[in-house]
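Have a look at the structure below, then the notes.
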Amino acid sequence: DEKEKFEPTVFRDTIVQGLNEAGNDLEAIAKFLDATGSRLDYRRYADTLFDILVAGSMLAPGGTRIDDNDKTKMTNHCVFFADEDHDAIRNYAQVNKG
C-alpha cells in the first residue's frame, strides 16, 4: 500500500488559482468548485478548503494567514472580503453549500 501524500499547499494553490480565474462571478466560482470536487479530495483537505472560502488563504494556528502576501496564494473571493451586507454573505454561503 502506497500512502497518498498530504499536500495542503498544493491543494490551496489549485483552489486559489481557480477562484481567481473565475473572477467576481459567484456562479462561475460554484461551477469551478463543483468540477474540482471530482478531482480533488475535499474531505481530506476540508480544513484548508474552509480556510480559503472564509479567509482567502490557509490559516496557521491562531488565525494568521499563511500566504506571505503572495497574491498567487490568496484570493479575495471569500467571506472576509465580501461586501458587509446580508445578501452578499448569503450569496457566499450558497456557493459554499453548493
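Tell me yes or no: at least one residue of region 5-13 is closer than 17 Å to residue 79 by Cβ and in contact with a helix residue (DSSP H, G or I) (Cβ under 7 Å, 6 or more places away or on another chain). Among the residues of region 5-13, at least one is closer than 17 Å to residue 79 by Cβ and in contact with a helix residue (DSSP H, G or I) (Cβ under 7 Å, 6 or more places away or on another chain), which makes the answer yes.
So residue 75 fits all but one of (1) part of a loop (DSSP other than H, G, I, E, B); (2) free of Cβ contacts under 8 Å to residues at least 12 places away in the same chain; (3) within 12 Å of the chain's Cα centre (by Cα); what number is the exception? So the condition that residue 75 fails would be (2).
Restricting to region 57-69, name every residue that is among the hydroxyl-bearing types (Ser, Thr, Tyr) and modelled with pLDDT under 90. Residue satisfying the conditions is 64 alone.
Sub-6 Å Cβ pairs linking a first residue in region 43-69 that is under 21 Å from residue 95 (Cα atoms) to a second residue that is of a type in the set (Val, Ile, Thr) and open to solvent by 50 Å² or more (accessible area, probe 1.4 Å), at least 6 apart or interchain, are 58/66, ordered by first then second residue. Taking region 20-56 as the range and being on the phi > 0 side of the Ramachandran plot and at pLDDT 90 or above as the test, only 56 passes.
The values are calculated or read from the model by the stated rules, or taken from the named source; none is laboratory data. Please read all numbers here as calculations on a predicted model, not as lab measurements. Every residue, glycine among them, receives a Cβ derived from its backbone with ideal geometry; neighbour counts consider all protein chains shown. These accessible areas exclude ligands, DNA and RNA; they are computed on the full protein's heavy atoms, side chains included. Shrake-Rupley method; radii C 1.70, N 1.55, O 1.52, S 1.80 Å.
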